Structure formats: structure tokens, C-alpha cells
1. Around A:Val91, under 15 Å between beta carbons, what's the net of Lys plus Arg minus Asp minus Glu among the other residues?
2. Within chain B, what's the longest run with no chymotrypsin sites (Phe, Trp or Tyr not before Pro) in a DSSP loop and at most 16 other beta-carbon atoms within 10 Å? Give the range, please.
3. Compute the separation of the alpha-carbon centres of the range B:1-75 and the range B:118-141 and state it in Å as a whole number.
4. May I ask you to list the trypsin sites (Lys or Arg not before Pro) in the range A:7-107 that are in a DSSP loop and have at most 16 other Cβ atoms within 10 Å of their Cβ?
5. Skipping prolines and chain starts, which residues have an amide H placed within reach, meaning under 5 Å, of the one on B:Val124, given they are 5 or more residues away or on another chain?
6. Round to the nearest 0.05 the FRET efficiency obtained for A:Thr180 and A:Leu49 when R0 = 51 Å and r is the Cβ-Cβ distance.
7. Report the gain in length on full extension from B:Asp49 to B:Asp11: 0.36 nm times residue separation, minus Cα-Cα distance, nm rounded to one decimal.
8. Return the single residue from B:Gly74, B:Gly119, B:Gly106 with maximal mean-square fluctuation; model: Gaussian network over chain B, springs between Cα atoms under 10 Å.
Amino acid sequence: MAGRFTIVRRSLEQVFGDYRYIAVAIATALLAFTLSVWLRNVSLIVTALTSSLFSLTDSVLLLLRLLGGIATADSALVAVLTIVMSLMFGVNIALLSYYFVQRRKLPAIKASMTTVSGVIAAVFGIGCSACGTLVLSALLSSVGAAGVLAFLPLGGGEFLILSIALLTASIYWLAKSIQTSAVCLPEELVNPLI
Amino acid sequence: MQQLISEYPKDVRWVYRHFPLEQLHSKATKQAEATECAGEQGKFWEFTDKIFEVTPSNDGLDMSTLPTLAQQVGVANITQFQSCLDSGKYADHVAADVADATAAGGRGTPYSVVIAPNGEKFPVNGAQPYAAVKQIVDKALGS
């Protein structure tokens, strides 16, 4: 276990030693958070953007105000899970970008697929605490199985937890990929921060 | 909603639809019927507010307390209230409201639709910040 932490720590130090990847992580986390909040009100946003009653400034103001929905529409647990999921996603994309820039190829299928799975689980988990997940309830309703949500105590927030678990696994696999040299080099050259 | 109504007493009308999510809250449908039974005696809003105030999450309300709650908000004839509740006379009404809400695009609660004087509709999913809802209402009133 300690070895895994060391791998992750080394990779994080290596990647975030470059401020550009800090910027990538922050920008991606903000994007993930923003989209996860806005996704709940897609129809309102589309209506406002296409309405003659809303100027562009009005629409931008509405979009900003809707971000406050994280505090009014969610339980504290779901709000925290959404923020953590967004941060984990930001870190994932920063690690993925770093790997891609260094190696000019995507990482092993295990790391890539856990990132993708984590994102899919997050999309399923997006919703408000009272109404269950928006995406999931719509999908289940369409196949007449909306009752499945009754068996999820967090009304679908479980998918955010699953997402965070998958993104954590993905961070590990990406970190491991970064620490694994493509060619045989002395350790100090592979990992100059040691 | 109450803040909105008090701020726009002459310009905004609040049309309420029951939207109990049976698959998430198995007691909500009967509670919705109970509000209509309280409404028979002029206490719809008082009883609705009370239900939302005292109902814990995850179906935690003891349904046997409904008559007591009705009494607390001033429903005078509890026998009539109980009889109304037992008869299920508002079951169809609540079911029609659910169908109405679903047809209007509702997939969860709370779900609101701001309808402008020109007929334009703005669907609001979840409990959004007051500033956002107020902005939508202001724009709708300007139509």
C-alpha cells in the first residue's frame, strides 16, 4: 500500500511541478463542476439562450446564478461528492495530458478505461438529492424500471461515490504509467524529482 | 415560492401540482391526498407547509400522525378528514397531477414551470437560488 502511495505522490509531484498542469487540473475541475450543475437545467438554459426575453448578458447572469444550485438543490453530501468528483476529474485529466505530452500516446487501456468509466458514473450520479439522478431516472423511466431508484438510499448519489472510486483507481493507474519508463533509463533520469 | 408570491402579489400566480415520486417516497402519494382532504376544510396550504416541515427524508413520517398534524393546522372536523383520507377520493386527482407534471417535463421534485404572459415557458429543475428564479420571473413579466 505504501508503495502505491509513493507512486502516486511521485507522479503528482512530477506533473504538478509544471504549473501548466496545475492550470489544466483547475480548468478541467471547474469545467466538470460547472457542467455537472448546469446539466440539471439543460432545458431551462436552452430556453433562456433561445428566448427573445433574455439578452446575452441576461443568459450569462442566469448561468452564473444557477451555479448556486449546488447549495440550494443538493444535500450537503451530494454537494461535497460533486466537488470531490470534479477535483478528481481535474487531476485525472492533468495526469493524462502529462502522459500524452511525454509519450505521444495514450496510456494503457486500464488507465484510460477507468477514467472513462469514472466520468460515465459521474454523469449517472448528477442530480439533486430529492429527485434522484436526472440521467438515471430518465433512462430507467424509459424502460419502466424507475422503481430501481427506491433501492438506492442516496437516490443515485451512489454513482458519484462509484465515480470517485473509479477516478481514484484511474489516478493510480495513470501515476503508475507515468512512473513506468518507456525505455530503460537510470531512475534519476526517469524521475528527476527523486 | 412564498418569497416570490409575497414580492409579486399582483403579478405572479402559483398553480400547484402534486408530484409525489412513489418510487422514491412510498408515503408521498397518500400525503398528497391528505393535503386535499385538509383543503376541503380550507387548510390546504397550512397542511402542505406542515407536511413539508415535519416529514423527515426517506419516508420517515408516521402516517398515523396525519390527523394530529391536521388538527395542529386548524382542520376543524378530524372525523371528516380521516374519512376523506380513508376513502381515497383524491387518488385520481393526485394521479392526474402527476401525469400533468410528467407531461410538462417534470422528472423530479421540486419542478417548476414559469409561464410568461406571452405563453413562453421556463422549466426550473430543483430548488434553484432565489436570484435565478427571480430573474426568470422578471424576464417573463417583461414579455
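1. Net of charged neighbours comes to +2.
2. The longest uninterrupted stretch comes out as B:17-143.
3. With the range B:1-75 and the range B:118-141 each reduced to a Cα centre, they are spaced 23 Å.
4. A:Arg104, A:Lys105
5. Sorted by chain and number, the residues that satisfy this are B:Ser112, B:Val113, B:Val114.
6. 0.65
7. Gain on stretching B:Asp49 to B:Asp11: 11.4 nm.
8. Evaluated over chain B, the most mobile residue of the options is B:Gly119.
The numbers here are math on the coordinates, done by the rules we state, and not lab data. All figures in this text were calculated on a predicted structure; none of them were measured in a lab. Every residue, glycine as well, gets a Cβ built from its backbone with ideal geometry; the counts of neighbours run over all protein chains shown.
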